[in-house]
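The values are calculated or read from the model by the stated rules, or taken from the named source; none is laboratory data. Just so it is clear, the structure is predicted and the values come from calculations on it, not from any experiment. Cβ coordinates were reconstructed from backbone atoms using ideal geometry, including for glycine residues, and neighbour counts include every protein chain displayed.
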């Protein structure tokens, strides 16, 4: 509730707790919220400083909540004024940037970003600024930003930004990829697969692209090229779109596969994408022997003698 004012959930919980009582001491609040006294004391002090809590006149160790209509309104107005000033600054700085961009030479359409931390920062910034879509190429090498660390992707998806991701087929062999892909698909991320990709790529809207500065295999240290709107950016986005057109869709079928037919669909899908038996078995949470036995059973059901024929028959019968 108070996050718009820069306060976290704990501050909101403490304020709500005191609001619901005539008065409360720090131990009362800690007991009611199952929080420790060392955790509650600074929160109460901060809320008192902001005017959301006040000490009771008759007992200075007890606190009462200030009326929200009185205590919160000044904070909200100040935050609104700050946002207005920030918006005005954004307009002014954007105008300065636009004028500068119009004067860029050919060499100026690319910025060089040096170091892992700087590249991670640019990735986060581009996602935070995206309003329409983000395009990504993912190599099998260890990602600079893991899915768990990439909170800006979750935020962007939550506000409706479309994510289109192409991964190398070897990425499908990462432990837990199938479950993660299924989860991301449920919140709007589209994934396609190609056997290999030439480079990493990250494109936010049609405004900026980030690509590695060095070729694969070079060990000069990590850096990236930040590409501004230009013919080069148009070329980069066109390359992505061509890869997207030829890539194979990766479509997790069920939200939580439990039925045998759901497991079979995932099994056949992984088989069609060229994932090794061992990796596919690991993704499905079954043993290698069980995986191979089920493939043999499906071949018998389909009346075929090779896995290639099984794949073709699975597509024809809409099994995968």
inquiry  = Show me the strands (runs of 3 or more DSSP E) entirely contained within region 49-150 in which 3 or more residues are under 29 Å from residue 7 (Cα atoms) and at pLDDT 65 or above.
reply    = 53-55, 62-65
key: Enumeration of residues in region 279-320 that are part of a helix (DSSP H, G or I), free of Cβ contacts under 8 Å to residues at least 12 places away in the same chain and under 16 Å from residue 173 (Cβ atoms)   = 281, 288
key: Complete set of residues in region 175-194 that are more than 18 Å from the chain's Cα centre (by Cα) and either modelled with pLDDT under 85 or outside the structural domain of residue 140 (by TED's automatic domain parsing) (or both)   = 175
key: Residues that are part of a loop (DSSP other than H, G, I, E, B) and either modelled with pLDDT of 90 or more or under 21 Å from residue 161 (Cα atoms) (or both), drawn from region 198-213   = 200, 205, 206, 207
message = For region 162-193, which positions are in contact with a strand residue (DSSP E or B) (Cβ under 6 Å, 6 or more places away or on another chain) and either surrounded by fewer than 17 Cβ atoms within 10 Å (Cβ to Cβ) or not in a helix (DSSP H, G or I) (or both)?
response = 162, 163, 164, 165, 166, 167, 189, 190, 191, 192, 193
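Filtering region 221-236 down to residues that are in a helix (DSSP H, G or I) and in contact with a strand residue (DSSP E or B) (Cβ under 6 Å, 6 or more places away or on another chain), which residue is surrounded by the fewest Cβ atoms within 10 Å (Cβ to Cβ)?
So the first thing to find is which residues in region 221-236 are in a helix (DSSP H, G or I), and the list is 231-236.
Adding the requirement that they be in contact with a strand residue (DSSP E or B) (Cβ under 6 Å, 6 or more places away or on another chain) leaves 233, 236.
On the way: 233: 18, 236: 20.
So the residue we want is 233.
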ask   = Does region 18-48 hold any residues that are in contact with a strand residue (DSSP E or B) (Cβ under 9 Å, 6 or more places away or on another chain), in a helix (DSSP H, G or I) and more than 20 Å from residue 8 (Cβ to Cβ), and which are they?
value = 28
